[in-house]
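Structure first, then comments.
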Amino acid sequence: DEGKERNALAICDSALSRHPHCAELLVVRARTHLLIGNHAIARHDLELCQRLGGLSQSASEEFKQACKEVGLEPSSAARLGTGTSSFDVTSKPPPAHPGQDLPKHPATEVLPAAISNAGQHPPENKQRRKDAAAKVHTALQSEKQGLFRQAFQQCREALELEPDLPDAVLCTARMQLANGCTSRVAKLLHKEHPKVLKQKPHCVEAYAILAAACESTGDWDDAVAHLEQSVKLAAVQATGSVKPSLDVLQGRLARAYFHAGERDSAAPLAQRVLESNPNQREACEVACPLLLDRGDFNTALALLIRCLIHHRSDPSKILSDLVCTAMRRCSVNQLLLVLAPDGGVPEPDQQSSIAEVIAYMGLILKENSVMVEACQHYHKAVLFSPTNGSLCLNLMHTYALRRDDLRALSFGARYFASLGCSAAAGQRINACVHGTEVDVEQCDKVSISLHDFANETSFYDTMAVGFVMLKLLYLAHPHRELVDMRELDEGVPQKELQWQQRLAEVDVEQAPSSSRVATLLDGRWLFAMEGEESAKVAEAAVDSSTGAERHRDVLSSLCDVLDESRKGHDLHKTPVRNEHAYFSCIREIVKRQWSSPIDRSVPLVRMFAVGDSHVLSSAWQTLDLTVTGQDSSCQHVVVPRLVTGAKLWHLQPKSKFYTKFAFWEQISSLPKGAPILLILGEIDCRDGVLKAVQKGRYSSVEAALSSLVELYVRLVQEVRARLPTSPIFVHPVPNVLPETRFLTIVFNRLLAEPVARSGFAKANAKVLEFASVFDKGDPPAEMDALALSKLKLLPELQLDGTHMSPNYVESHLGPALRQVY
């Protein structure tokens, strides 16, 4: 019962050599063999015990339970004793069956010879245990590397060799928990391998895992029950012999009490834990809100900062509850009073380090979609450390998630204006964005140089700031003439770019607030759908066409500096590869006019493209959706609404990731009734599906893709609920990247299957079907991944190797829309 199986076997074997007819010893030995997985030997002991009889009432119950585990049917009530102790060997046990004599040989002689000696086991069983242990060791290594699929298989093989092997069971449970499969965790530990809940010391972790599954689903009452059991079991073990440690379990129990509403139990337990371990995270999660409830903000924030610094090497997500709970109730200025007690104004030599602490909290807030507070933290950090490119980049990203891209652009321009390194390039970038003259000597080769920076990281961050500025401007204003301006009188002066006028008015010192969002996009593109829509859109189209050349000049100037700066650097292999990918795509697009302007007399309707980076290809292009037999022309302009890094996986209801926040921000900004083009799924295929299969979340690639399509259907149904009158179109995933075509092609086929179509139809959404994008037509369904990767994209659709060229709008998108519009 104490987990000392080897000692138990040795004692039983020794005692049975002196008392060969003691049935109760045989029961104990059989139960011990069952614990270590030797079912055949256990059955032998139980069969012999059944023949001997003479068990006490309590031992008889253990005997019955053990028989069930080995599939042995107890055959007689003779198993029960006659009132004498089962250790009383002076009385002769009754025979197992009437008229049957007792065995002439002692129990040890009836057993296989290989285990007749104390503590010894058959060679084949030893080898099985050794093989099982080796497989578990390999599984644990695979688990650490995130190779769950391999680890699951290794654990299964280990359990076949040694059933109920605790390390294999716990490894499997941890991975199921990491995959979010909480019901599988409960089934595994409660039904399939309940013995692990009794095996010491493994039972401590087993109950802790069950508690974690309950914590993840918010079932705090059950979490309390499991943690109380885990703490009880851990308390009697030697210090350091169990995991999680006792203080971690007690901290988690205090947190479970707190969330279950048992504050009277939570507070003293958290206090005791923090007295012995001041940085225990879960206890801090209890103490901080309790201190805030009392109005003791300084102590709460000091506790938070101390815990944050102590756990700075841990994944940021484990600190999310602690930080988000506190900073929803505290301001960044209150935080500063703790970091810099002298009035919240840090000394010059402390500003950089304090900025890093504040920004790290901003990162955690952003990752959990606490966006206003995240902006406030990054804003304060950048004001303290204005030349830190990483902080500026993160502030710009966070502003953009809120659609506050005018302020994002203003901080990028501010960064380059104050850039001491590569000052000429910085001033040129700032000047072209503001539309002002620069006082330094200009040349075509001006660039940002790595040699001007203290390290590579600072250079990469500076390049990324420039890339993001280019992306924001590309999305904010048409880079081409939407309507034909040739009939405009030559004497009419071109209007200034509206966004440049507004950029000059931005006060960067002003802290972000929930009520103020300044978008770069001309507000007329987002006006509500009313009777005057055509006039409003036509007016916006004329004004933007008037400034299109000037805007394109700004984009081209930025591209020139950044393109010269990236030469000799493989930026697609660096931490700023995503920002660089946007630059590469936009640079190719702005090189030329992809389609002709439409006649000014033709009514123009908006269509909003919402999704990942593939909205760049259709951005500001015009579509002729005139249907045969229709009297008047129907022209649409595609207005881009980018959600950087959007994955369908992150858009599901349980997610708190910031791309989900950004997606719904874009959806909520759209005028009711406006057509919507959803472009999602490519990043999941490129950077999600194979990882999910590798982690064992899905049994196969197709199962993962099918699950992804189900997520897409549910997402579209939610979009429909929020925008009940808007036409919704689902864009197929572009089959551009050769390496992922074996995924994207299958994904698109699944989108078009009856099950998915039925789900989309319930939302009154149409799935678009494109003509083949390959030079030799659509590939056969049986074509393998290698052959698919060798297919050639149509020459007119080639752009940067990742996105389709804007030509596809006329050749593929338009025809597909006309079929269903």
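The values are calculated or read from the model by the stated rules, or taken from the named source; none is laboratory data. The structure displayed is predicted, hence computed values, not measured ones. No Cβ is skipped: glycine too gets one built from the backbone with ideal geometry, and neighbour counts run over all protein chains shown. These area figures cover heavy atoms from the full protein model, side chains too; ligands, DNA and RNA do not enter into them. Shrake-Rupley method; radii C 1.70, N 1.55, O 1.52, S 1.80 Å.
Which value, in Å² and to the nearest 10, is the accessible area of Thr740 when all protein chains are kept and the probe is 1.4 Å?
20 Å²
Decide, for the chain, between rounded, prolate and oblate: order the square roots of the alpha carbon gyration tensor eigenvalues as a ≥ b ≥ c, take rounded if a/c falls under 1.5, and otherwise choose prolate if a/b is larger than b/c, else oblate. Numbers along the way, then the final one.
Numbers: a/c = 2.89, a/b = 1.98, b/c = 1.46.
Judged from the Cα gyration tensor, the chain comes out prolate (a/c at least 1.5, a/b above b/c).
So what's the net charge close to Glu162: Lys and Arg +1, Asp and Glu -1, counting the other residues with Cβ under 13 Å from its Cβ? Don't skip to the end; give the middle numbers.
Numbers: positive: Lys126, Arg128, Arg129, Lys130, Lys135, Arg156, Lys195; negative: Glu5, Glu124, Asp131, Glu157, Glu160, Asp164, Asp167.
Its environment carries a net charge of 0.
List, in the order given, every pair from Lys691/Lys792; Lys656/Lys695; Lys195/Lys232 whose Cα-Cα distance in the structure shown is over 19 Å. Please list the in-between numbers first.
Details: Lys691/Lys792 27 Å; Lys656/Lys695 21 Å; Lys195/Lys232 17 Å.
Exceeds cut-off: Lys691/Lys792; Lys656/Lys695.
What relative contact order, as a whole-number percentage, does the chain give when Cα pairs under 8 Å and 6 or more residues apart are counted? Can you show the working numbers first?
Numbers: 1242 pairs, mean separation 58.1, N = 821.
Computed over the chain, the figure is 7 percent.
For Ser447, enumerate residues with amide H under 5 Å from its amide H, sequence gap 5+ or separate chain, H modeled in the peptide plane.
The list, which skips near neighbours in sequence, is Ala425.
Go through region 751-817 and name the trypsin sites (Lys or Arg not before Pro) that are in a DSSP coil and have 12 or fewer other Cβ atoms within 10 Å of their Cβ.
Working: sites: Arg757, Lys762, Lys766, Lys776, Lys790, Lys792; in loops: Lys776, Lys790, Lys792.
For trypsin sites (Lys or Arg not before Pro) across region 751-817 that sit outside H, G, I, E and B with at most 12 neighbouring Cβ atoms in 10 Å, the list reads Lys776, Lys790, Lys792.
Could you run the Karplus curve 6.51 cos²θ - 1.76 cosθ + 1.60 with θ = phi - 60° over region 804-817 and give me ³J(HN,Hα) per residue in whole Hz, x for Gly and Pro?
Computed from phi, the couplings for region 804-817 are 7, 6, x, 4, 5, 4, 7, 7, 10, 5, x, x, 5, 5 Hz.
What list of ³J(HN,Hα) values in whole Hz, one per residue of region 275-286 in order, does the Karplus curve 6.51 cos²θ - 1.76 cosθ + 1.60 (θ = phi - 60°) give from phi, with Gly and Pro shown as x?
5, 8, 9, x, 10, 5, 5, 5, 5, 5, 5, 8
Over what distance in Å are the Cα centres of region 5-30 and region 714-790 separated?
67 Å
With n ≥ 4 as the cut-off for DSSP H runs, can you work out [θ] at 222 nm for the chain, using -39500 (n - 2.57) per run divided by the number of residues, rounded to the nearest 500?
-17000 deg cm²/dmol
Could you rank the peptides 416-424, 242-250 by their average count of other C-beta atoms within 10 Å per residue, with the highest value first?
Numbers: 416-424: 17.7, 242-250: 19.7.
Final packing ranking: 242-250, 416-424.
Which lysines, if any, have their Cα less than 16 Å from the Cα of Lys191, not counting same-chain residues under 8 positions apart?
Correct list for Lys191: Lys68.
Sort Trp499, Trp220 from largest to smallest accessible area, using a 1.4 Å probe on the heavy atoms of the protein chains. Walk me through the intermediate numbers first.
Details: Trp499 5, Trp220 50 Å².
These residues rank, largest area first, as Trp220, Trp499.
Among the trypsin sites (Lys or Arg not before Pro) in region 259-324, which ones are in a DSSP loop with at most 14 other Cβ atoms within 10 Å of the Cβ? Mind listing them?
Values: sites: Arg263, Arg272, Arg281, Arg294, Arg306, Arg312, Lys317; in loops: Arg294, Arg312.
Loop-located and lightly packed - Arg294, Arg312.
For region 595-607, what does the Karplus curve 6.51 cos²θ - 1.76 cosθ + 1.60, with θ = phi - 60°, yield as ³J(HN,Hα) per residue in whole Hz, taken in order and with x for Gly and Pro?
Per residue, the Karplus-derived 3J(HN,Hα) values read 8, 7, x, 8, 5, 5, 7, 7, x, 10, 10, 8, 10 Hz.
Just how far, in whole angstrom, is region 238-281 from region 318-379 if you go by their alpha carbon centroids?
26 Å
Give the residue list of GluC sites (Glu not before Pro) in region 1-73 that are DSSP loop and have at most 15 other beta-carbon atoms within 10 angstrom.
Numbers: sites: Glu2, Glu5, Glu24, Glu47, Glu61, Glu62, Glu69; in loops: Glu2.
Sparse-neighbourhood loop GluC sites (Glu not before Pro): Glu2.
Take each of the peptides 360-368, 394-402, average the number of other beta-carbon atoms within 10 Å over its residues, and list them starting from the highest.
Values: 360-368: 21.6, 394-402: 24.2.
Descending mean neighbour count gives 394-402, 360-368.
For Arg606, list long-range residues whose amide hydrogen, built 1.01 Å from N in the peptide plane, is under 5 Å from its own amide hydrogen.
Residues meeting the amide H criterion: Val637.
Non-local amide H neighbours of Leu55 (under 5 Å, H modeled in plane, Pro and chain starts lacking H): which ones?
It is Leu80, Gly81, by chain and number.
So if I take the centroid of the Cα atoms in region 567-606 and the same for region 172-196, what is the distance between those two points in Å?
For region 567-606 versus region 172-196, the Cα centre distance is 48 Å.
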